Amino acid sequence: MSHIRILICRVDDPASNHMTELAAFDLPTTDVAALQAETALDVLETTQETGNAILRRTLQAQWDLIDAALTGQHRQSFSPPGAPRRRP
């Protein structure tokens, strides 16, 4: 049976197709025939839990990139004059 997988990847060079996988999430599969009216909503809400985990990991990846950029800028402000500057 097929299912949906969501990948969170970092792309360092937009001109390249190279991506670094940071996380992978498989959405839960649902056996529609087994759903019962009384519990169907509860079963389907497990997708919301997965969605929250995906959003949490996506935001963490973005914050990590921002933190690295800001740390690099801060370090540059303490570089001795005339020292070669490194790009983050």
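Every residue in the range 6-25 that is under 11 Å from Ile54 (Cβ atoms) and free of Cβ contacts under 8 Å to residues at least 24 places away in the same chain, please. Result: Leu7, Ala24.
When only residues in the range 1-48 that are of a type in the set (Asp, Glu) and within 27 Å of Ala68 (Cβ to Cβ) count, which is least open to solvent (accessible area, probe 1.4 Å)?
Let us first name the residues in the range 1-48 that are of a type in the set (Asp, Glu), namely 12-13, 21, 26, 31, 38, 42, 45.
Checking which are within 27 Å of Ala68 (Cβ to Cβ) leaves us with 12-13, 21.
Details: Asp12: 108, Asp13: 76, Glu21: 111 Å².
Looking at the filtered set, the residue picked out is Asp13.
Of the residues making up the range 63-77, one or more are in contact (Cβ under 8 Å) with a residue 24 or more places away in the chain and either of a type in the set (Phe, Trp, Tyr) or surrounded by 10 or more Cβ atoms within 10 Å (Cβ to Cβ) (or both).
The values are calculated or read from the model by the stated rules, or taken from the named source; none is laboratory data. Values in this document were obtained by computation on a predicted structure and should not be read as measured data. No Cβ is skipped: glycine too gets one built from the backbone with ideal geometry, and neighbour counts run over all protein chains shown. With ligands, DNA and RNA removed, areas are computed over all heavy atoms of the protein, side chains included. Shrake-Rupley method; radii C 1.70, N 1.55, O 1.52, S 1.80 Å.
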